[in-house]
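What follows is one structure encoded as structure tokens, with my remarks underneath.
The values are calculated or read from the model by the stated rules, or taken from the named source; none is laboratory data. The structure displayed is predicted, hence computed values, not measured ones. Using ideal geometry, Cβ is built from the backbone for each residue, glycine included, and neighbour counts are taken over all protein chains shown. We work out accessible area using only protein heavy atoms, side chains counted, and drop any ligands, DNA or RNA first. Shrake-Rupley method; radii C 1.70, N 1.55, O 1.52, S 1.80 Å.
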Amino acid sequence: MAKKRVAKDRKSKLPKKYLGSTKGTKRTRLAAVLKRIKKLYKEGKTVPKSLLQERVRLGRTKSGKKKR
């Protein structure tokens, strides 16, 4: 039995799960940050804390609470 494929974002080709409920330019910037983190990790380099903080900041919702 074949596994169901993961839903991906059309522009960035990243799984929608990682982009959350972000929209517009914030979504594009978040995708770019995720790709940079992925590249550094694959090369075995250390991922800067500032890059991780940027990811958290961009992924955060307006109120700071997640939808249920």
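For this structure, a couple of remarks:
- Counting only protein heavy atoms and a 1.4 Å probe, the stretch 1-67 has 94 square angstrom of accessible area per residue.
- Amide H contacts of residue 12 (H built 1.01 Å from N, in plane; Pro and chain starts excluded): no residue 5 or more places away or on another chain comes under 5 Å.
- In this simple spin-label model, placing a label point 7 Å from the Cα along the Cα-to-Cβ direction at both residue 28 and residue 9 gives a separation of 1.1 nm.
- Charge-dipole axis of the chain as Lys and Arg at +1 and Asp and Glu at -1 on Cβ define it, positive-most pick from 21, 40, 51: 21
- By the helix-only formula, in which each DSSP H run with n ≥ 4 contributes -39500 (n - 2.57) and the sum is divided by residues, the chain has a 222 nm mean residue ellipticity of -15500 deg cm²/dmol.
- Rounded to the nearest 20 debye, dipole of the stretch 1-63 from Cβ charges on Lys, Arg, Asp, Glu: 260
- Packing-based ranking, highest mean first, of 49-62, 18-31 given that Cβ atoms within 10 Å are counted: 18-31, 49-62
- Using alpha carbons only: equivalent-ellipsoid semi-axes of the chain, gyration tensor based, whole Å: 20, 19, 11
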